[in-house]
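Participant: To start, I am sharing the structure in question, which I have written as structure tokens.
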Amino acid sequence: MTDYRLTHPVTDRKGATLLATGTHLTHQVMETLFSGQAAANKTCRLLDYQQIRSDLLGFFASSPYDLIFQDARRQQELLDIAGDVVLPEPVLESLYHFRKLDFYTYRHALLVFALSIIIARELIDDRAALLQEVMAGPTHDVGKLCVPLEVLTKEKPLTKAEHAHLRHHALAGYVLLSYYFQDPGILAAEVARDHHERRDGSGYPIGVSVDNLMIDIIMVSDVYDALISPRPYRPVSFDNRSALEELTRQAEAGIISEIVARVLVALNRRSQPHFSRCVISTERRGSPPSKNLYGVIDPND
Ligand SMILES: [Fe+2]
Ligand SMILES: [Fe+2]
């Protein structure tokens, strides 16, 4: 098993420490993590929790999602699938916690989930299998619970130490989801851990290429939403064309999945071609924002 070691503590949503800094996430550590819990957590449908359904519908109306979700049938199919996603209540509380404290993270979690459903629909035919896969989407960033809010919402370049803390969200999410689902083998936990890995090994937490369709789907949806959404460190977001060009570039460079990127480009075409017939131009016509501090380390650090 790959040696995952925590660089920071993992705390639950109430602040209690589950695992300390330096803990190696061995099979035994993960097994004992939840064995002390008395009973299974209560569950609830994601879309029935508080205002999640109406928030999601509101997000669909904002550009460029209004283009992707403009087709009423596509939107209904998406809601039908999303409506069957059931999560443990502490996981829903953790997700909803961001609605008040870091709205960007909350909106991002739900939009990545929605995108991942419409992409997965194109690639997975079996409805039951599809549902098992897509339920891993909304919680991919839940580990941000273990990152200080000042880091999540900082408007200036992060220091090296802050970057390391931000990256901690991948393993923290793996631990938290294993704990709340009471199952260290659950796909949601794996997706949280691996969604920042890259196919060329340039990602984190380990720097390995991961062969898993849902991780590829979340990876692409995650990068896309991050590019087109306003972020604390980037007042101007990428326009849709530039974002899709950037995804195409990353797919061509072997960083992200080519087929998943192609599905997303096809979903953005007004003519709605099937992704297998979607011709992707390598010509660059978009204009990415000039003030982009993503990944920039504070020069004074
Ligand atoms: Fe993330
Ligand atoms: Fe994310």
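The values are calculated or read from the model by the stated rules, or taken from the named source; none is laboratory data. Because the structure is predicted, anything quoted here is derived from the model rather than measured. Heads up, the Cβs are rebuilt from the backbone with ideal geometry, glycines too, and the neighbour counts pull from every protein chain shown. All accessible areas refer to the heavy atoms of the entire protein, side chains included, with ligands and DNA or RNA removed. Shrake-Rupley method; radii C 1.70, N 1.55, O 1.52, S 1.80 Å.
Participant: Restricting to the range 148-166, give me the number of residues that are of a type in the set (Asp, Glu) and either part of a helix (DSSP H, G or I) or out of contact with any Pro (no Cβ under 6 Å at 6 or more places or on another chain) (or both).
Facilitator: 2
Participant: Restricting to the range 86-120, name every residue that is away from ligand 2 (no atom under 15 Å from the Cβ), within 27 Å of ALA40 (Cβ to Cβ) and aliphatic (A, V, I, L, M).
Facilitator: Selection gives VAL86, LEU87, VAL91, LEU92, ILE117, ALA120.
Participant: Could you tell me which numbered condition ALA82 fails, if it satisfies all but one of (1) open to solvent by less than 50 Å² (accessible area, probe 1.4 Å); (2) under 19 Å from ALA128 (Cα atoms); (3) out of contact with any Phe, Trp or Tyr (no Cβ under 9 Å at 6 or more places or on another chain)?
Facilitator: (3)
Participant: If a residue must be β-branched (Val, Ile, Thr) and under 18 Å from THR153 (Cβ atoms), how many such residues does the range 212-239 contain?
Facilitator: 1
Okay, residues lined up against (1) more than 20 Å from PRO184 (Cα to Cα); (2) at pLDDT 90 or above; (3) open to solvent by 70 Å² or more (accessible area, probe 1.4 Å); (4) touching a His at 6+ places or on another chain (Cβ under 9 Å):
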| site | (1), (2), (3), (4) |
| --- | --- |
| VAL10 | no, yes, no, yes |
| LEU19 | no, yes, no, no |
| THR23 | no, yes, no, no |
| VAL29 | no, yes, no, no |
| ALA39 | no, no, no, no |
| ARG45 | yes, yes, yes, no |
| ARG53 | yes, yes, yes, no |
| LEU87 | no, yes, no, no |
| PRO90 | no, yes, no, no |
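Participant: Related question: Tell me which helices (runs of 4 or more DSSP H) are completely within the range 167-278 and hold 1 or more residues being over 17 Å from ASP141 (Cβ atoms), or say none if there are none.
Facilitator: It comes to 213-228, 240-252, 258-267.
Participant: Restricted to the range 148-161, and to residues that are touching a residue at least 60 places away in the same chain (Cβ under 8 Å) and of a type in the set (Val, Ile, Thr), which residue is farthest from ligand 1 (Cβ to nearest atom)?
Facilitator: THR159
Participant: Can I ask one more? Take the range 216-268 and flag every residue that is aromatic (Phe, Trp, Tyr), open to solvent by 20 Å² or more (accessible area, probe 1.4 Å) and under 20 Å from TYR106 (Cβ atoms).
Facilitator: Correct list: TYR233 only.
Participant: Checking HIS140 against (1) of a type outside the set (A, V, I, L, M); (2) within 13 Å of ligand 1 (Cβ to nearest atom); (3) without any contact (Cβ under 8 Å) to a residue 60 or more places away in the chain, which single condition isn't satisfied?
Facilitator: Among (1) of a type outside the set (A, V, I, L, M); (2) within 13 Å of ligand 1 (Cβ to nearest atom); (3) without any contact (Cβ under 8 Å) to a residue 60 or more places away in the chain, HIS140 violates only (3).
Participant: Could you tell me which of the residues GLY207, GLY201 is of a type in the set (Gly, Ala, Ser), over 25 Å from LEU33 (Cβ atoms) and open to solvent by less than 40 Å² (accessible area, probe 1.4 Å)?
Facilitator: GLY201
Yes or no, residue by residue, for (1) at pLDDT below 95; (2) surrounded by fewer than 22 Cβ atoms within 10 Å (Cβ to Cβ):
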residue: ARG99; (1), (2): no, yes
residue: LEU115; (1), (2): no, no
residue: VAL134; (1), (2): no, no
residue: GLY137; (1), (2): no, no
residue: VAL142; (1), (2): no, no
residue: PRO148; (1), (2): no, yes
residue: LYS156; (1), (2): yes, yes
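Participant: Please verify whether GLN182 is touching a Phe, Trp or Tyr at 6+ places or on another chain (Cβ under 6 Å), more than 15 Å from ligand 2 (Cβ to nearest atom) and either open to solvent by less than 40 Å² (accessible area, probe 1.4 Å) or touching a residue at least 12 places away in the same chain (Cβ under 8 Å) (or both), treating the condition exactly as stated.
Facilitator: So GLN182 passes the test.
Participant: I need the full set of residues from the range 205-243 which are within 15 Å of ligand 1 (Cβ to nearest atom) and charged (D, E, K, R), in order please.
Facilitator: Hits for the range 205-243 are ASP216, ASP222, ASP225, ARG231.
Participant: Right, here's the next one. From (1) crowded, with 22+ Cβ neighbours inside 10 Å; (2) touching a His at 6+ places or on another chain (Cβ under 7 Å), pick out the condition that doesn't hold for ALA188.
Facilitator: Just one mismatch for ALA188, condition (2).
Participant: For the range 117-132, which positions are farther than 14 Å from VAL85 by Cα, open to solvent by 40 Å² or more (accessible area, probe 1.4 Å) and either within 16 Å of ligand 1 (Cβ to nearest atom) or assigned to a helix (DSSP H, G or I) (or both)?
Facilitator: ARG121, GLU122, LEU123
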